[in-house]
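Beneath this line is the structure, given in structure tokens, with notes to follow.
The values are calculated or read from the model by the stated rules, or taken from the named source; none is laboratory data. In this text, all values refer to a predicted model and were calculated from it rather than measured experimentally. All Cβ positions, even for glycine, are placed from backbone atoms using ideal geometry, and neighbour counts span all protein chains on display. SASA here: full protein model, heavy atoms, side chains in, ligands and nucleic acids out. Shrake-Rupley method; radii C 1.70, N 1.55, O 1.52, S 1.80 Å.
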Amino acid sequence: GRDQQVEGLDQVVGITINTVPRRIAFDPEASFSTAVQQVQRDYLESIDYAHLPLSTIQARGPLQGALFDHIFVYENIDWSDVNQQSERNEDTDLQIHNLQSVEHTHYNFEITVFPERELEIRLVYNEEVIDTAFVQTVADSLQKVLTTVPLHTQLTNNKVMAVSYGTFQDIAAPAVTF
């Protein structure tokens, strides 16, 4: 979504998303928590450019539009709250129930995170371009990392990668299913 500091944003009806390309490089010997803090610092330093349209960024780059073929989406709206608000609205005869977000992008692979009461992660992919086994490997790796790293935040990025590949055995990952 757009930064809340955009004047009148709360009155806008329609799409207010902005795709911001990010390249993230991790120091293999740094802790995962240090890497996450660096990503946050980098984001805050670049926030002044967040409203530059993706099409402009793509047109100015050397690849002329082919910057990436995958996307990570953090869906920062809690639809359960929106549904509860619409059901409680007694000031109008119009009632809206069961609001949902149904989106489709043109990217070959997307990971969408819905941080509601329980974390939901959706992996959507173009079966003509992306192999199903690859997507399953990504899902398995995400599960391993997301169930291990919060309990061991000082793991180095090398060890986090080993956890994702299932080759790091010094710690026990709790059993959790997606």
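Please go through the range 123-162 and give me each residue that is within 16 Å of Glu110 (Cα to Cα) and small (Gly, Ala, Ser), ordered by number.
Result: Ala133, Ala139, Ser141.
If you go through the range 147-159 one residue at a time, do you hit one that is open to solvent by less than 70 Å² (accessible area, probe 1.4 Å), on the phi < 0 side of the Ramachandran plot, touching a helix residue (DSSP H, G or I) at 6+ places or on another chain (Cβ under 6 Å) and modelled with pLDDT of 90 or more?
The answer is no, given that none of the residues of the range 147-159 is open to solvent by less than 70 Å² (accessible area, probe 1.4 Å), on the phi < 0 side of the Ramachandran plot, touching a helix residue (DSSP H, G or I) at 6+ places or on another chain (Cβ under 6 Å) and modelled with pLDDT of 90 or more.
Right, Lys144: under 22 Å from Tyr74 (Cα atoms) and of a type in the set (D, E, K, R) or not?
yes
For the subset of the range 1-31 comprising residues that are among the charged types (D, E, K, R) and either open to solvent by less than 60 Å² (accessible area, probe 1.4 Å) or in a loop (DSSP other than H, G, I, E, B) (or both), which member is modelled with the highest pLDDT?
Glu29
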